[in-house]
Amino acid sequence: MVNAKTTSKILGLKCRECGSAYPAEAIHVCEFCFGPLEVDYDYAAIGKTLTRETIQAGPLSLWRYAALLPVDGPPTVGLHVGMTPLVHAKNLGRKLGLNHLYVKNDTVNHPTLSFKDRVVSVAISRAREFGYKTVACASTGNLANSVSAHAAEANLGCYVFIPSNLEAGKVLGNLVYNPTVLAVDGNYDDVNRLCSEIASEYPWAFVNINVRPYYAEGSKTLAFETAEQLGWRAPDHVVAPMASGSLYTKIRKGLTELAKLGIIDEHPTRMHGAQATGCSPIARAFEEGRAFVRPVKPDTIAKSLAIGNPADGFYALKTAQETDGRMAHVSDDEIVEGIKLLAECEGIFAETAGGVTIGCLRKLAEAGTFGKDDVVVAYITGNGLKTQEAVQGKVGDVVRISPSLTDFENKFSLEDKGASVAQAKAAGRG
Ligand SMILES: *Cc1c(COP(=O)(O)O)cnc(C)c1O
Ligand SMILES: [Zn+2]
């Protein structure tokens, strides 16, 4: 199945714990210490050709950073993923006392409206280089959507495993691409355990299990794009949501790589992590000063972040510690407030994970974590149209009228009319 090719830029895989070296194959656990494996690059070779100019001459997608992604040849799947807007959030910033607050808006990532398109396009491009004909995943929702869409594009067999209690939009967002969807009676941690067993029996590329080292690298592109969009600099603060903790740790890795290659200046970015109170194993460990995560049973509306036993929890805690970062967690009510706050201030409708990020951003701001002129980037990773249940009944209602001017004027008070006519006159439209 696996015919490992290595190019000059990928040296192989390396154990994050004991440093043992492995070939760049579809493996993810160290044989000696069971530590997770990570892609090992030849930065000296990459640095010979990679510059701001070569990056900017690349495609308007995350593939402009292909030199720092673990694929040998040109990418074959997900060619339009990434390069999402970095929005200067002036209204929200004003509310929180921040002059340079930015939102990295992955609610509009192509094609499935979440940051997962980044990791999946990289994982499946790599899986095809390995010769896999079938892809699969254990998902909290968005990952299954993205694997289903990319498998359709790449004509691959597709099996996605999800907890059976997911939001309707996320279930439909799989079925429409016609993969095999397995809804498991259990939470994500049960799904993941089952998939680990299946992965050792079937010749499938489970994007977040046996090809996880490659998958995880896709998250670095959030950092690469942010630095480029800020005019080639690292932010002072990052606020990012955490499920397994992978995305959060890889944003830091991305910033570190750019500095190591001289593409941006060295800069001490403080990494802050966000979780839902109902599933906050990493934030709780941080709060209690523990170096290890104690698994929990998730109970939160933020289903995309509902991982009770986070694979990268230990490394997330280390990242916070090493960067003077903080962690916060928010209740379900605060998540809904966060979604509404971002929508009303910036016109961006995020899913529950975005509500977690904004809720935690607000808590961190109120705790005095940021200077008013610091550059703060909040990562909004999924689209609100997929988790409509979360805000159903918690927003205003429509004004129902018949199609008549009289009915309209009955419902629309004269006071409003006077004000809006005056406004229109002032704007030269009266
Ligand atoms: C998967 C996911 C995350 C975070 O995932 P990690 O496992 O921590 O990398 C964040 N936001 C959304 C919307 C997600 O779907
Ligand atoms: Zn090891």
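Structure summary
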| item | result |
| --- | --- |
| Sole exception among (1) aliphatic (A, V, I, L, M); (2) in contact with a Leu (Cβ under 9 Å, 6 or more places away or on another chain); (3) not in a helix (DSSP H, G or I) for residue 296, by number | (2) |
| Residues being in contact (Cβ under 8 Å) with a residue 60 or more places away in the chain and either closer than 14 Å to residue 274 by Cα or not in a helix (DSSP H, G or I) (or both) - total across the range 342-386 | 31 |
| Residue match in the range 289-299 (condition: small (Gly, Ala, Ser) and buried (at least 24 other Cβ atoms within 10 Å of the Cβ)) | no |
| Which listed residue is buried (at least 24 other Cβ atoms within 10 Å of the Cβ) and touching a residue at least 60 places away in the same chain (Cβ under 8 Å), from 335, 263, 339, 251 | 251 |
| Extreme residue, nearest to residue 300 (Cα to Cα), among residues of the range 140-195 that are touching a Leu at 6+ places or on another chain (Cβ under 9 Å), among the polar types (S, T, N, Q) and touching a residue at least 60 places away in the same chain (Cβ under 8 Å) | 140 |
| Yes/no for residue 180 being away from ligand 2 (no atom under 16 Å from the Cβ), farther than 29 Å from residue 12 by Cα and of a type in the set (S, T, N, Q) | yes |
| Within the range 7-42, considering residues that are surrounded by fewer than 17 Cβ atoms within 10 Å (Cβ to Cβ) and among the aromatic types (Phe, Trp, Tyr), the one farthest from ligand 1 (Cβ to nearest atom) | 32 |
| Failed item, numbered, when residue 163 is tested on (1) touching a helix residue (DSSP H, G or I) at 6+ places or on another chain (Cβ under 8 Å); (2) within 16 Å of ligand 2 (Cβ to nearest atom) | (2) |
| Qualifying residues in the range 302-332 (those that are within 15 Å of ligand 1 (Cβ to nearest atom) and polar (S, T, N, Q)) - the one nearest to residue 386 (Cα to Cα) | 304 |
| Candidates 122, 71, filtered to the one that is more than 25 Å from residue 388 (Cβ to Cβ), part of a loop (DSSP other than H, G, I, E, B) and of a type in the set (A, V, I, L, M, F, W, C) | 71 |
| Residue 22 vs. criteria among the aromatic types (Phe, Trp, Tyr), modelled with pLDDT of 95 or more and over 21 Å from residue 258 (Cα atoms) | yes |
| Qualifying positions in the range 133-154 - buried (at least 24 other Cβ atoms within 10 Å of the Cβ) and in a loop (DSSP other than H, G, I, E, B) | 139, 140, 141 |
| From the options 283, 243, residue that is in contact (Cβ under 8 Å) with a residue 60 or more places away in the chain, surrounded by 20 or more Cβ atoms within 10 Å (Cβ to Cβ), away from ligand 2 (no atom under 16 Å from the Cβ) and not hydroxyl-bearing (Ser, Thr, Tyr) | 243 |
| Enumerated helices (runs of 4 or more DSSP H) restricted to the range 155-255, each holding at least 3 residues that are out of contact with any strand residue (DSSP E or B) (no Cβ under 6 Å at 6 or more places or on another chain) and of a type in the set (Lys, Arg) | none |
| Selected residue (criterion: surrounded by the fewest Cβ atoms within 10 Å (Cβ to Cβ)) from residues of the range 378-407 that are closer than 19 Å to residue 353 by Cα and β-branched (Val, Ile, Thr) | 395 |
| The range 190-240 - residue that is surrounded by fewer than 23 Cβ atoms within 10 Å (Cβ to Cβ) and of a type in the set (Lys, Arg) and, of those, nearest to ligand 2 (Cβ to nearest atom) | 193 |
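For every residue, the table says whether it meets (1) touching a residue at least 60 places away in the same chain (Cβ under 8 Å); (2) away from ligand 2 (no atom under 16 Å from the Cβ); (3) under 25 Å from the mean Cα position of the chain (by Cα); (4) not in a helix (DSSP H, G or I).
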site: 12; (1), (2), (3), (4): no, no, no, yes
site: 38; (1), (2), (3), (4): yes, no, yes, yes
site: 45; (1), (2), (3), (4): no, yes, no, no
site: 48; (1), (2), (3), (4): no, yes, no, no
site: 63; (1), (2), (3), (4): no, yes, yes, no
site: 77; (1), (2), (3), (4): yes, yes, yes, yes
site: 83; (1), (2), (3), (4): yes, yes, yes, yes
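The values are calculated or read from the model by the stated rules, or taken from the named source; none is laboratory data. The model shown is predicted, which means the values in this text are computed figures rather than measured ones. Positions of Cβ are generated from backbone atoms using ideal geometry, with glycine treated the same way; all protein chains shown enter the neighbour counts.
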